[in-house]
1. With the cut-off at 36 Å, report for chain A the share of all Cα pairs above it, as a whole percent.
2. Choose one answer from B:Glu57, B:Glu179, B:Glu69: the residue with the largest mean-square fluctuation in a GNM of chain B with alpha-carbon springs under 10 Å.
3. For a bin width of 5 Å, list the pair-distance distribution of segment A:437-569 built from all Cα-Cα distances, rounded to whole %.
4. I'd like the mean, over residues of B:184-195, of how many other protein chain beta carbons sit within 10 Å of each residue's own Cβ.
5. For chain B, take the alpha-carbon Rg, divide it by the Kirkwood Rh, and send me Rg/Rh.
6. For B:Phe151, what is the net charge nearby, where nearby means another residue's Cβ is under 12 Å from its Cβ and Lys, Arg count +1, Asp, Glu -1?
7. What are the lysines whose alpha-carbon lies under 25 Å from the alpha-carbon of A:Lys297, with same-chain residues fewer than 8 places away excluded?
8. From the convex hull of the Cα coordinates of segment B:147-272, what is the mean projected area in square nanometres?
Amino acid sequence: MARIEDWALITSGGRYVEDVRDPALAGCRYGAFVRSPVAHARITGIDGSACRADVFTAADLDLPPAGRGPVVQPWLARDVVRYVGEPVALVVADDRHRLADAAAVVRVGYEPLEPVIGVEQALAGEVLLFPETGSNVVRVHGTSFDGAGFEGCEVVVTRTIVNQRLAPLPLEVRGAACVWLAGRLVVWLPTQNAHAARDLIAAALGAPVRVITPDVGGAFGAKMGADPEVVVLGWAARRLGRPIRWTETRSENLVAMTHGRGQRQTITIGGRRDGTVLAFRLDAVQDAGAYPRSAAKLLPKFTCLMAAGAYRIPVVEARVRAVLTNTTPVASYRGAGRPEATAAIERAMDLFAARIGMDPVAVRRINFIRSFPYTTPTGACYDSGDYHTALDRVLAAGGYRELRAEQERRRAAGDVVALGLGIGCYVEVTGGGGVGEGARVVVGRGGVATVHTGSSPHGQGLASTLTMLVSHRLGVDQVIVRHGDTDLIARGTGTFGSRSLQYGGSAVSRAVDLVVDRARDRAADMLETAAGDVELTAGVWRVRGAPSSRGLTWAELCSAEELAADVWFDDAEPTYSFGAHLSVVEVDTETGRVVLRRMVAVDDAGRVINPETCVGQRHGGLAQGIAQALFEEVRHHPDGSLVDGCWGVGASELPDFELLDMATPTTRNPLGVKGIGESGTIGSAPAVQNAVIDALSHLGVDHLDMPASPMRVWQAIS
Amino acid sequence: MIPAPFDYRRPGSVAEALELLASPGAALLAGGHSLLPLMKLRVVSPDVLVDVGALAELRYVRLDGDTVEIGALTRFCDLVVDPVIREHAPLLARAASSVGDRQVRHRGTIGGSLAHADPAADVPAAVLACGGVVMVHGPDGARRVHTRDFFLGRCRTALGLGEMIVSVRVPRQTHWGFEKFTRRALEWALVGVAVAGESVVLINMGDRPVRAGVTEAALRQGASIEQAAGLAAWNTDPVDEPHASAGFRQHLARVLTRRALQRAAGRVPGGLS
């Protein structure tokens, strides 16, 4: 089935938060945040007297803190700022065009403190972000190391590599529209999980809250719940008795929305010269930014969980220490800890292969996990998989042997354009964060089915997939999917971590089952027969074995009273999607320029419900992983300001993707599905990185950190 | 992303534009693709915008003997497709085609690009390589400034207060090469090279379009392209950034100069698309 959302989202008709024209927002005012221009400083004073607008600071807010203990981001900076972009004051004006003028004249005094930039400085601990805690380390996840696993190894390779910090860069920046109606705050908010956002805002403001999610122009993990700005806006709307709207600028988004990735990893891999890997250690330091977000919780957990990758390695040790630095807080970004783990193990496999002089494909084949379920040394229980077949398929489709031969020919001929082949094999936990999902399915008058889902699609195409599920099962033509409104959906968990189809889809599926059961009883009554004697065929209920009898359409069945079912589904476990990517790059050895020529991918996410949506997720995922490998990086000056960089990737930089289908089902949810949302990103980054390094291997290069920028390539070979 | 308040005027002629330009804090707006972003970022905040973008009298290309004359408001998209440009000043067509995307090329003008004088811009370097002459009108009448005297620094030109470019005159030159190095499509050049005849100009290798004088001299003295290109980074002072150091840019300048010269010499294929 063709996707139903796209036309409106990408042309016109999509309704993003800026487009919301609810009458309740009439006469609204506009908010903008004054943000810290320095990374670490004591605030000596804030003077908004020259500002022809309302100015609110931390001193005005009468709100409880966002969490317990000292290491919590205040709603607005109080006394100390800890990153460039931290909100310091809220300015509210009647005219949005005057807002920037008003914000520009708010004077904030800063007494500089030494900034902590980079994980080394954070670990050194000479300067502390929160001196009362005695350390910049906010979380240690994983095992301690005993080294015994490496004792019997013939070869041990160690390397420190960087999984660089990235900016999520959704096309739609953050924004909100807030209004108090009858003692309750209503917020239109682009978020991935309206219910969590509601609970957070309600707890902070001590009042009931309704969150309505309009169309969301991309999130990638960076629109989880509600950011502190939203709480401040809700508070100000109450104080002023007026609705307030807020939209950040693109420049603001780059420093003020959470970032992703940001690990320095020391990887150690050991094994035998025959290619058998015996031990792997991942010792990572996670840059969490200035305040703990998911980089201090979820990312370290996922990185440790997925450390073993697709390999049967007897000893795997993984530890992630999350540290605070004077930079934008780091949170989830497409993969959230799993791409970091995959990049580490996939680099390690190549380093090991290079050291023992074996083809990276051969080393992978020797060490693949081949029987399932399989529990890794770090505790991941893989449900199902077929890793060697996935790799064999991309190699066959790519023509791996011929490509190797061409690589040899070019090297022999002294071609300045080197050819490189890179493999990225991955396993990733999907649906691993957050439990359960709610659904309500209603068949009402006219036989129209309405699905209320606790999932919160924001570009993935889930509405198309749920429409397919429901319309196939019920045989109804018209399905309406509603999501993201806490008044319409009783309970919801949201869309993140490649979980929506497994949990949200299963919830809808179970609700549909219940609707069918109830419909069967009603149809039997109306057809004056037993429930066991009616059947549903192509949307019509008939007496079994009487195909020409007069049947009941859904419209007839529900003409007097709708049929509904509510479900909370938590009867599933996380699944482990997997795949193999082959990347082919050309590297201009004179300029360092890397051009991605081919990308061949198997992404196995179990049973596929809607192929179009699945392909869409793979395309976007591949692009984002490739962008990390070749282009993107958020860098900071030693003073903590953002260095101008290179963000995003476009069609011009990407080849046509060669996507192969493979579907190994799982039994961990009723639909037999796994997640696909992050697969492309997780597999493609190491595949492309390995390809660039492979292209330069004859020049003595065995590692290059991402992104493989022209200068980095040039420096490596000159 | 919203500029500070300003007045907006739209003159009907060059004479009227010059009158308006005389008022304090006035800035000339042509295609707006340099000025408006700077205003939105509040790097500049002019009091009055004098929008000449619609002055048809300044949008033309004509051949005058061995010289191509181009009206200041000629769009990049015009340069790409204009048959006179393609035949007699193909370097300009090539350079213009590498600017931004289609939308940008339909707004940006040759005069605006020269007046803005960004050292990373493609078209000013190409005009300098061609030996172009800038025709200027101002409160004291008309004058001509050779491009070698026109660029004074980063976004600084010989244009005086109240002056505007009305046209550019470029000698006919069909011997050309052009190389632009970017990481992604639609970017400004990390480094670029424009070659026209004997002239070699580097893009983004200093505070203005830079003549690779040592390379030009070496070529005149019979050096090979490889030898001459190896001297291209002499006396250059490119910006030093974490993702592209000055040393890397100088290396790129040498490689790209060799490739542009080889193209100009017809040793490697490549033409206007």
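The values are calculated or read from the model by the stated rules, or taken from the named source; none is laboratory data. Fair warning: this is a prediction, and the values are worked out from it, not measured in the lab. We place every Cβ from the backbone using ideal geometry, glycine too, and count neighbours over all the protein chains shown. Just the protein is used for accessible areas: all its heavy atoms, side chains included, with ligands, DNA and RNA removed. Shrake-Rupley method; radii C 1.70, N 1.55, O 1.52, S 1.80 Å.
1. Value for chain A: 45 percent of Cα pairs lie more than 36 Å apart.
2. Fluctuation is largest for B:Glu57.
3. 2, 12, 21, 22, 16, 11, 8, 5, 2, 0
4. Numbers: counts 10, 5, 2, 1, 0, 0, 5, 1, 0, 0, 0, 0.
Mean partner shielding for this stretch: 2.
5. Values: Rg = 18.3 Å, Rh = 18.9 Å.
Over the Cα atoms of chain B, Rg/Rh equals 0.97.
6. Numbers: positive: B:Arg148, B:Arg154, B:Arg156, B:Arg208, B:Arg211; negative: B:Asp118, B:Asp149, B:Asp207.
Local net charge: +2.
7. The qualifying lysines are A:Lys223, A:Lys674.
8. Values: hull surface 36.5 nm².
The directionally averaged projection comes out at 9.1 nm².
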